[in-house]
1. Within segment B:135-149, track down each residue that is assigned to a helix (DSSP H, G or I) and open to solvent by 60 Å² or more (accessible area, probe 1.4 Å).
2. Within segment B:127-134, can one find any residue that is over 14 Å from the mean Cα position of the chain (by Cα) and not in a loop (DSSP other than H, G, I, E, B)?
3. Among helices (runs of 4 or more DSSP H) lying entirely in segment B:1-95, which contain 1 or more residues that are among the small types (G, A, S) and either at pLDDT below 90 or open to solvent by 60 Å² or more (accessible area, probe 1.4 Å) (or both)?
4. Is at least one residue of segment B:131-139 within 22 Å of B:L92 (Cα to Cα) and out of contact with any Cys (no Cβ under 6 Å at 6 or more places or on another chain)?
5. Given the criterion touching a helix residue (DSSP H, G or I) at 6+ places or on another chain (Cβ under 7 Å), in a helix (DSSP H, G or I) and not acidic (D, E), identify the matching residue among A:I7, A:I55.
6. Return the pairs, sorted by first residue and then second, in which the second residue is open to solvent by 60 Å² or more (accessible area, probe 1.4 Å) and assigned to a helix (DSSP H, G or I), the first residue lies in segment B:133-151 and is facing chain A (nearest Cβ under 8 Å) and closer than 16 Å to B:S108 by Cα, the beta carbons are less than 8 Å apart, and the residues are 6+ apart or on different chains.
7. If you check A:F39 against the conditions, is it open to solvent by 90 Å² or more (accessible area, probe 1.4 Å), under 19 Å from B:V156 (Cβ atoms) and more than 9 Å from chain B (Cβ to nearest Cβ)?
8. Mind listing whichever residues of segment B:68-112 are acidic (D, E) and without any contact (Cβ under 8 Å) to a residue 12 or more places away in the chain?
Amino acid sequence: MKHVVKILSLVVAVSAFWITLLQAAIVPQSHTWLLPIYFVVSLGCYGLLMVGVGIMQFPTCPQEAVLLNHDIAEAKEFLSTNGIDIGTY
Amino acid sequence: MADVKERKGDGKNKYSIIIPTYNERLNIALIVYLIFKHLRDVDFEIIVVDDGSPDGTQEIVKQLQHLYGEDRILLRARAKKLGLGTAYIHGLKHATGDFVVIMDADLSHHPKYLPSFIKKQLETNASIVTGTRYVKGGGVHGWNLMRKLTSRGANVLAQTLLWPGVSDLTGSFRLYKKSVLEDVISSCVSKGYVFQMEMIVRATRKGYHIEEVPITFVDRVFGTSKLGGSEIVEYLKGLVYLLLTT
């Protein structure tokens, strides 16, 4: 099935659970009404947290730039001795 | 004829490497050298799809053909800039390998990772092996904080909405079984890097076995960057499109 259908079914299932909670009144209704807001805010916070963690743990590779420069020098030497017109870079 | 096959280390597998180019006169020569350096015992061909570069990229490719052989380097040019997706389709028509590698010409994708792609595919019999910059062993150099922020934000959003099954959605350094690429590409309609996202998401939806290998990505050593300003809007539109149609 299409992905969006999966997501909508999830939303429907969660909504049904929420409505049941409202009707059954196990938890005070005033709290239950706010649950969707809590959920959306938590989701937002979680997302921001994942972005923050991701940035902090972002894998970097400065040594690769050095290696690349070596490779470029090696390539240029080979190419110019074999007749490829590398130009003025 | 039997000993010709035995000399090629990987047996009968042939790899077609499609490289779309636009104004990559210097980079294309460098990348061809590096590919030949790192794939010594592999049967491969390089297919350069140049979109009518005004800087003489095609002349350089012809010189490279004299050096390395016209059977190893194919120049399949087009008249003008026609976009990445169609460049791959065009290259695919001329590919004679069992596998197709797509990569960028600007040296952000380093040919030294090609053996690890090939090895991963042979070990796992995956339909697609995609390079990821975002895991341990991979990485990026040359990105400032803003760039990292947008990349990470875009990734978290895409993971939450699409459940794509890969860690690097917009990466374009990939190895495909040729038949798989033909199947996936025929159902993709997006442009630019959303196209790369669409390819991998559609492949996931179709149930293809996808593996990842870490790659390092050094941003833009030579040449001019082709990234523009309205990227965020295009990206969001692309996400919604993928959410609704895959």
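1. Taking segment B:135-149 first, the residues assigned to a helix (DSSP H, G or I) are B:145-149.
B:L145, B:M146, B:R147, B:L149, listed by residue number.
2. Taking segment B:127-134 and keeping what is over 14 Å from the mean Cα position of the chain (by Cα), we get B:127, B:134.
Subset that is not in a loop (DSSP other than H, G, I, E, B): none.
No, segment B:127-134 contains no residue that is over 14 Å from the mean Cα position of the chain (by Cα) and not in a loop (DSSP other than H, G, I, E, B).
3. Working: elements: B:2-7, B:25-38, B:57-68, B:84-93.
Answer list for segment B:1-95: B:2-7, B:84-93.
4. Here is the first cut: in segment B:131-139, the residues within 22 Å of B:L92 (Cα to Cα) are B:131.
Next, only the ones that are out of contact with any Cys (no Cβ under 6 Å at 6 or more places or on another chain) stay: B:131.
Among the residues of segment B:131-139, at least one is within 22 Å of B:L92 (Cα to Cα) and out of contact with any Cys (no Cβ under 6 Å at 6 or more places or on another chain), which makes the answer yes.
5. The unique qualifying residue is A:I55.
6. So the pair list comes out as B:H141/A:P62.
7. Working: open to solvent by 90 Å² or more (accessible area, probe 1.4 Å): yes; under 19 Å from B:V156 (Cβ atoms): yes; more than 9 Å from chain B (Cβ to nearest Cβ): yes.
Yes.
8. So in segment B:68-112, the residues acidic (D, E) come out as B:70-71, B:98, B:104, B:106.
Listed by number, the list holds a single entry, B:E70.
The values are calculated or read from the model by the stated rules, or taken from the named source; none is laboratory data. Treat the numbers as computed from the prediction; the structure is a model and nothing was measured. Positions of Cβ are backbone-derived with ideal geometry, glycine not excepted, and every protein chain shown enters the neighbour counts. Quick note on the areas: whole protein, heavy atoms, side chains included, nothing else; ligands and nucleic acids left out. Shrake-Rupley method; radii C 1.70, N 1.55, O 1.52, S 1.80 Å.
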